[in-house]
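Written out below as structure tokens is the structure these notes cover.
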Amino acid sequence: MHEGVPRRSGGRDGALGRAESGVARARPAEDSRARESLKSPKTRKTPPYLKLLPRALIGFGGFRKRKKVRPSDSGEVDDSLEQPCGVGCVASPCCKCCSNIRCFMVFYCILVICQGVIFGLIDVSIGDFQRQYYVKTIENLALELSYDISSALVAIFIAFYGDRKKVICFVVSSFLIGLGSLLCAFPSFSEENYQSKVAIEDICKETKIVSGCQRHASFQSKYLSFFTLGQTVQGIAAMPLYILGITFIEESVATHSAGTYLGIAECTEIIGYAMGYVIGAPLVKVHEHSTAAKNTTNNDGPEWIWTWWISFLYTALVAWCILIPLSCFPNIMPGSTQIKAGKRKLLHLFDRKHKDLELGISIKDLFAGLWILMKNPVLLCLALSKTAESLVMIGASEFLPIYLENQFILTPTMATTLAGLVLLPGGALGHLLGGVIVSTLEMSYKALMRFIMVTSVISLILLMFIIFVRCNPVQFAGINEDYDGTGQLGNLTAPCNEKCRCSSSIYSSICGRDDIEYFSPCFAGCMYSKTLNQKKTYYNCSCIKEGLTTEDGEGDFIDARRGKCDAKCYKLPLFIAFIFSTLVFSSFCSIPITLAIMRVVPETLRSLALGVSYVILRIFGTIPGPLLFKTSGESSCIFRDSNKCGHTGQCWIYNQTKMAYLLVGICFLCKLCTLIFTAIAFFIYERRVKDSTDIPDITVKNPEVKKRKTDL
């Protein structure tokens, strides 16, 4: 009955207090000074490590259970969950100054660059391997899709269960990145020669000795097994970085600073991939353009193998060196609780009844969270928009090296290097500038989606200009030129070379004095060759009858020179400028889409929302994307190797005009889908906001009016 009555200061308790105070005043001054002298050692300032170490021990050993903190109506959050900086149970005051988001970004970006380098090396290596070997379709799918499939399978679980232990997931990710790199390096440890050998002389002879097709099946199976396993490990390692890393950064910085930090993170990912391309490009063997004499030599000796092996090894060591610094960071950065409290007021939830949603760790809670996200059409449209936008970068990485090589008559090494060194950084610059612009202008939620649509329209306009920047194809004997009327289009054999017993397995193009390109010296009917000033020239070519003759230093007339004919096309700088600008504007929308996804869902579901978006990205983007672009590229092939070892081999010659239309057409369609899905998301969100504002506002700012209403 008296539980709600406040206790008075009088009575027995009050009398006892007064008695105690009287006794204390009656004590001698000496006892007081003695007591103060005894207390003085306890009032000294405790060293920082004595404070941090017990807290770290409690957090490490789990000696106390943390209470679930519920956000208050005012948006304040208890900051007692913030942890000290240290390794495991050892907390160090020295690293406390580094316990901030800027220091974390340094190590995070280094780790992201490491994985990007590995991706670039893997893509270049797989492309070179596929040119060397005749890989079955199922083996090709295992090589190309193992990363995407493994990441799609674990994305949801890592996003949901790893959200509570982000730093531990980063450490595991760092270890797995190094392990996956070593797995990819293993096939090159002891291999000396794995190239198929076809001993065919590249000049015209009526009698040729062709050796059997020697295949090193042991290396092929080893390569397929370890690269598939390595990419599977990389796919698992990537999800903590690209899901939990994004939410960790976003939770630790102010709302309008998140774009800059995320832009830097995305930029380093593409820079790493471009670095891998640049490192791997010089290692690409030029066997498709080599002569038969060089093809019979050992083109992949220990030096070449050592270069591949050391590239993967160095990357693994760097990834493992980042493991220890990452483990020192706390799961909750100092000051992040206040930042999250402020952000909670700026949420643009599609369904406001989930504002204070809390979920456990059971599988039932996981499905409940997924069901909430699946009912959010704005989230799904933005995820599809991000998927369509990623296809443009996928097309650039998959299609551009082949396009540059055939459209502008470049060597494979030059084309690969140019794609990695010039074009892919365009995407990195677009991600960085997109994040900086969003942060600088402090864009609202609607402004983010407007920005995505405007940049998509600009990139579509630039794509239309690219179609006009292409070169006219050179004359190629047997392809678009019929040996002066003596042969047939589509057939390399003509009366002038039918006795030479030429093979289309060796693509060693030469340019005749008649400015016509020939598949090889044999198909040009050349009888012998010389090497003058490190340049190979050919003589007595029966198929070359026109053009200006030139004497060499020995008085012989040169009929052809090794290499492709000059297309007399100088549009490469213009093409690079247009494609670079297209990639920049196309990448502008990446960071705004990510920010929009995280702002339209409850705070507890942000990581899970990114996990759902990555699964959609894999299913509709990165898994079918490379196959789509490669299939489109192969459809423009006009001549393919079909004799080597009795298999249908790689494409030697492409239809340049068809290739240009396919590249631009597919990229245009993907970017158009980005615009459409974003417009749908904007329309749905605008309609939702309008419907919510139609509800009468019961909040009354004038207290007198409120009082009169209550009195009535």
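Heavy-atom accessible surface of the range 519-600, averaged per residue, reaches 46 Å², computed with a 1.4 Å probe. Of the solvent-accessible surface of the range 583-631, computed with a 1.4 Å probe over protein heavy atoms with every protein chain present, carbon and sulfur atoms account for 82 percent. Expressed as a whole number of Å, what is the distance separating the alpha-carbon centroids of the range 487-548 and the range 409-482? Answer, in whole Å: 38.
Each label point was placed 7 Å from the Cα along the Cα-to-Cβ direction; for VAL436 and SER225 their separation is 4.9 nm. Applying 1/(1 + (r/R0)^6) with R0 = 56 Å to the Cβ-Cβ distance of HIS256 and ASN480, what FRET efficiency is obtained, to the nearest 0.05? With a Förster radius of 56 Å, E is 0.45. Cβ-Cβ distance of GLU546 and ILE619, R₀ of 41 Å, FRET efficiency by 1/(1 + (r/R0)^6): the value works out to about 0.15. I need the calculated FRET efficiency for the pair CYS103 and ILE168, taking r as the beta carbon distance and R₀ as 25 Å, to the nearest 0.05. It comes to 0.85.
Find the centroid of the Cα atoms in the range 127-161 and in the range 580-631, then give the distance between the two in whole Å. Going from one Cα centre to the other spans 19 Å. Each Lys and Arg contributes +1 and each Asp and Glu -1, all at the Cβ; summed about the Cα centre of the range 570-685, the dipole is approximately 120 debye.
On full extension of the chain, what length is gained from TYR570 through THR137, given 0.36 nm per residue of separation minus the C-alpha to C-alpha distance? Don't skip to the end; give the middle numbers.
On the way: separation 433, 0.36 × 433 = 155.88 nm, distance 3.81 nm.
Length gained between TYR570 and THR137: 152.1 nm.
Compared with the direct C-alpha span, the chain from CYS321 to LYS499 gains 57.8 nm at full extension, assuming 0.36 nm per residue.
The values are calculated or read from the model by the stated rules, or taken from the named source; none is laboratory data. Keep in mind the model is a prediction, meaning the values are calculated, not measured. Reconstructed Cβ throughout: ideal geometry from the backbone, glycine too, with neighbour counts over all protein chains shown. For accessibility, only protein heavy atoms count, side chains too; no ligands or nucleic acids. Shrake-Rupley method; radii C 1.70, N 1.55, O 1.52, S 1.80 Å.
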